[in-house]
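Enquirer: Take a look at this one; I'll ask things after.
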Amino acid sequence: MAARLPAAGRVPRPKAFSSMARVSVIRSRNGGNLCQCSDFALQEVPCRRMPSRRLAIARGNELPAITTQTAGQTAWPRWLLHLALLATVVTLAGLAMLWLQRNPLLTSWDEVMHQNNSMSDALLLRHGNLPALRDAFFLQNRWLPPGLRLIGLPIAATFWDQAPIALRIAAAVLTLLPLPIIWFGLRPVAGAAGATAGALLFALTPQNLVGAQSFMTETVLHLAAALAMTLLLREALAPRPGALRLALLGPVLGLGALSKLTFLPTIGIVWVGVAAWRLWRDRDAAGFALRLALPSIGLALVAWPHYLLNIPRYLAYAKATAGGYAYNPVEATGLDFARYAVGDLVWEVFGLGGTALLLAALVAGFLVWRRLATTEWAFVLLAALAAAPPFLAFLLSRNQTERYMAISLVILAFPAGILLGTALRQASGLAARTLAGTAGGAALAQLGMAWWVALAGPVEARPLRPMVEAAWRPNFACDFHALTALVPPGHAAPRIGLFGLTLAVNPPNLQQAFLRRGTLAKTIEILNDSATEVDWDQVLRETRKVDLVVVPEVFWHGGRDPLKPASMRNVGDRSLGDYRARLAAEHLVEDRGAIATGPDDYCTVHVLAVHPPPIAPEDAERLRPLRPEVHAVAGGT
């Protein structure tokens, strides 16, 4: 029914057309849009096209219209945020390419290990050895879900000649992909400025500086999280369950579950929470069942084979983690702990610009808390709850927890964008515009510091520590390809054992030298770096299984790792003399001497050739792991 207009000349002046009022859009006979507001009489004020025009909104979830007046007043913070987001993309991509140009070879353990997994899979695929590829996915590295391998396999297979470089470039692309996903996910709800603010909150974390340079599991984790949050936000606001949207959500949840074990304990809260909220609000049991069942089918189809095989192991990990396993507790207490937590959150997790954005979003929440629809508030609170587990881990442990908190920033990007975007829609939102402008300025300052550190050199300052790590972390140009010529001919899968360990000389780096030559190789630490005592019978048994034993030259002459304090010498370093004596007594090896593998002495290794083990070169046993993947925490599974 059309609203009754006041008599001519008696239309009251709005108390504050600039104030946010709940609106619904109606269409007049001539096709124009009228804004009907709850705090003043119906006014024939043309509405600027709403960003939510193409988004179906459930009854009671009307989004605020934006007038031309509002758009003009919010232009400067909006463009400042857009500029900051563009500068962040350029910075992440530019610094990643600068690191690649300065360091064509890597010696980092974890990243090279992930590269090797994808290169090994690609090599098996190129050889047509599909059974071995299947076993590699399900039976090797079982402690790590294979989501990153699923992404890395086609990249390494397509660009085989430059696979390590291609995978490192892919890391930068995968790190940037969540940004447009977050932006387009928020755009219909939060407007362009809010969408930019949300994407910027995730983009500005200093963890992305190293993340864009590293082919690690977080790249796929953050991509899946951004996709899932976008689909869940649309589902929360939709008038009815969307079958296509829910069908897409299932494989996204599956990819996230295969990327990292922390995915479902965070995103799962939003998924189940959205379904439960709509059940409570709509009293729609069928919709509730559909919102849970349809994504569950897609999740199971993608992730169930790996989890079905490894669920006992993961349950054991969860139990051990709950009991304190792998915790590196924070020793500080009281004010010292507060300084540690705040300092790490500001400088390592959020960054200067991200901290300003988060504070702006919190203040915006107080400004607009009466303006948001209940479903929007429900989604904001669910996202805050889902982001909490990584924060708790951060407070309890120092075991790389800053890196793991980036998924919380993907989740928090959505409530931050909604709150700040809604505040910026107010025609008189001077406070919101000031907050957004300050956040944009802080973001540009943070990016300027990152470029300064990368180009000028490392600077000893606490706020710049993650930027220094991203541009100047230790790396050595060690190329171990010379070892490939020392393996006896005819061995399809050489086996390399490492005794003693440094940053430059570690199993993944040795393995990649063979993979770059198109040769599958297995590498192990003969004596594990974390061992507290030596089982010499076990050490000699495993030595007989390998073709070469590699020892860092610095240890061969009785020295120690110059990058580690003396207190951090591991048992392998200290036991090398006993190991050499036992090898000589058994007449087990032939000394091949020292081999320089790079311009730095740190890359030099000493090589021992083991007398051929009683395994035929063509034996399939060589494609299997050198030792069973047993973990005491997992009960030997």
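What follows draws every value from the coordinates through simple rules; no lab data is involved. Here the structure is a predicted model, which means the values were calculated and not measured. Here the Cβ is made from the backbone with ideal geometry for all residues, glycine too, and neighbour counts use every protein chain on show.
Enquirer: Arrange the following residues from fewest to most other Cβ atoms within 10 Å of their Cβ: 433, 339.
Expert: The fewest-first ordering by Cβ neighbours comes to 339, 433.
Enquirer: Based on the Cβ-Cβ distance from residue 340 to residue 76, what FRET efficiency comes out when R0 is 30 Å, to the nearest 0.05?
Expert: 0.20
Enquirer: Could you work out how far apart the two model spin labels at residue 482 and residue 328 are, taking each label as a point 7 Å from the Cα in the direction of the beta carbon, and quote it in nm?
Expert: Distance between label points: 3.3 nm.
Enquirer: Further question on the same structure: Once label points are set 7 Å from the Cα along Cα→Cβ at both residue 600 and residue 243, what is their separation, rounded to one decimal in nm?
Expert: 5.9
Enquirer: What residues have an amide H closer than 5 Å to that of residue 523, excluding those fewer than 5 places away on the same chain, when H is modeled at 1.01 Å from N in the peptide plane?
Expert: Those lying under 5 Å, H to H, from residue 523 are 496.
Enquirer: If you stretched the chain out fully between residue 284 and residue 369, how much longer would it get, using 0.36 nm times the residue separation minus the C-alpha to C-alpha distance?
Expert: Result: 27.9 nm gained on full extension.
Enquirer: Show me the ranking of peptides 390-396, 440-446, 504-510, 362-368 by mean Cβ neighbours inside 10 Å, starting with the highest.
Expert: 504-510, 440-446, 362-368, 390-396
Enquirer: How long are the three semi-axes of the equivalent ellipsoid for segment 401-493, computed from the Cα gyration tensor as the root of 5 times each eigenvalue, in whole Å, largest first?
Expert: For segment 401-493, the semi-axes come out at 47, 20, 10 Å.
Enquirer: Further question on the same structure: If you filter segment 240-293 for trypsin sites (Lys or Arg not before Pro), then keep DSSP loop positions with at most 10 other Cβ within 10 Å, what is left?
Expert: The qualifying sites are 283.
Enquirer: Relative contact order, percent, of segment 175-469 when contacts are C-alpha pairs under 8 Å separated by at least 6 residues?
Expert: 29
Enquirer: Moving on. At 7 Å along Cα-to-Cβ for each site, give me the label-to-label distance between residue 475 and residue 388 in nm.
Expert: 4.0
Enquirer: Once Lys and Arg get +1 and Asp and Glu get -1 on their Cβ, which of 345, 375, 359 lies farthest toward the positive end of the dipole of segment 320-396?
Expert: Value computed over the given set: 375.
Enquirer: With the cut-off at 1.5 for a/c, could you classify segment 175-469 from its C-alpha gyration tensor as rounded, prolate or oblate?
Expert: Cα axes put segment 175-469 in the oblate bin.
Enquirer: Additional query: How much FRET efficiency would the formula 1/(1 + (r/R0)^6) give for residue 362 and residue 130, where r is the Cβ-Cβ distance and R0 is 60 Å, rounded to 0.05?
Expert: So the FRET efficiency works out to roughly 0.70.
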